[in-house]
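These notes are about the structure you will find just below.
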Amino acid sequence: MPPNALTAPVLKPGKFANPDVALNGQPRARVALRALDTLWFNTGTLCNLTCANCYIESSPRNDRLQYLTAAEVAAYLDEIAILRLPTREIGFTGGEPCLNPELPAMLEDVLARGHTALVLTNAMAPLRKIRPQLLDLHARHGARLRFRVSLDHYAAPVHEAERGKRSWKPAIDGLVWLATHGFPLDVAARSLSGEPERVLRDGFARLFAELNVKLDAHDPVRLMVFPEMDAGRDVPEITEACWGILQKSPDSVMCASSRMVVKRKGAANPAVLACTLLAYDRQFELGATLAEASGPVALNHPHCAAFCVLGGAACSR
């Protein structure tokens, strides 16, 4: 449960109800796709863990988003090439991407085409099972294969309160293995403990030093500290006027530069979504192709405000 969740104000009725207009009558902010810098593939919602507050509700039983196949990924990579899109990075998220049996083939395809591949992982048993394939890819493609390891806190008790007992050591072992073998990597942490960000970063700096992992905990890219998300918590709606008030550009928001591909359970084909965070909200399903998904996105969800605009967070680097 996010910090202060029990005392946080409940979302006011009527907010985020109209994609065009906020509750106060002002035009809702929309974000145009500046350029498709990053294309994410959700390889499936199955995961080896059941976390306490997983934004996408991944678990060993949740298959609402089915495994993508390497052929389905290839079709979108083909579209990038045909449309000459400036996509530099291909991200893989889940669930736990390393559970998908076709992940090594997907990575091979992505890297062979000259893209950078970023895999979000808990670095536990599923990754351990494909270590030989990962080492081979690293030997042939070098730094273009990157990993971001989910480590919710610098101390085992907080991490395991979210991810379950006996989840700390395997994650640390996986992190150290990736670092030891020279894979470029980052760490994704969360503000679960309610500590100031400076305290969190200092704690991670001590941990990385103890592990001899060469990561700068004070670099906001190498250690990403994500805000907690609670769709039922009251947050401001983002209107067109907010860009000037906040002195923030819509180009800084994640949906200005990325999209995500998913395959819903029972669907014949994958779909392209506006955002990595909103896999189940159909209003953010933009089409079956990248061309169809190139239109503007209305910021009509609490996560748009709490995570992206006000939280300043992004899944891409």
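Bear in mind these aren't lab numbers, they're just calculated from the coordinates by the rules spelled out. Bear in mind that the values here come from a model prediction, so they are computed numbers and not experimental data. Positions of Cβ are backbone-derived with ideal geometry, glycine not excepted, and every protein chain shown enters the neighbour counts.
Table for the structure above
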item	result
FRET efficiency estimate (nearest 0.05) - Cβ-Cβ, D234 to A71, R0 35 angstrom	0.20
Among A241, A217, A29, residue whose mean-square fluctuation peaks in a GNM of the chain (springs only between Cα atoms under 10 Å)	A241
Ratio Rg/Rh, restricted to the chain and using Cα atoms, in which Rh is the Kirkwood radius	0.95
Ascending count of other beta-carbon atoms within 10 Å, so fewest first, for S58, S294, S249, S150	S249, S294, S150, S58
Gap separating the Cα centres of the stretch 274-290 and the stretch 103-166, nearest whole Å	24
R0 of 25 Å, Cβ-Cβ distance A35-K265: FRET efficiency to nearest 0.05	0.20
DSSP beta bridge pairing in the stretch 1-160, given as percent antiparallel to the nearest 5	5
Percent antiparallel among DSSP beta bridges (both partners in the stretch 30-309, rounded to 5)	25
D_trans [Stokes-Einstein, Kirkwood Rh over alpha-carbon pairs] for the stretch 271-312, 4 °C, 1.567 mPa s, µm² s⁻¹	120
Amide hydrogen neighbours beyond the local backbone of F147, cut-off 5 Å, H modeled	V119, L185, D186
Lone cysteines, the chain (no partner Cβ under 4.7 Å)	C47, C98, C242, C255, C275, C304, C308, C315
Ranked packing of 50-57, 113-120, most packed first, by mean Cβ within 10 Å	113-120, 50-57
With 10 Å bins from 0: P(r) over the stretch 127-263, alpha-carbon pairs, percent	10, 31, 33, 20, 6, 0
Ranked by how many other beta carbons lie within 10 Å on average, peptides 79-88, 188-197 from highest	188-197, 79-88
Loop-located trypsin sites (Lys or Arg not before Pro) in the stretch 236-307 whose Cβ has at most 10 other Cβ within 10 Å (DSSP)	none
Test item: Cα-centred dipole of the chain, Lys/Arg +1 and Asp/Glu -1 on Cβ, debye	320
Of K214/K248; K129/K165; K129/K169, pairs whose Cα-Cα distance is over 23 Å	K214/K248
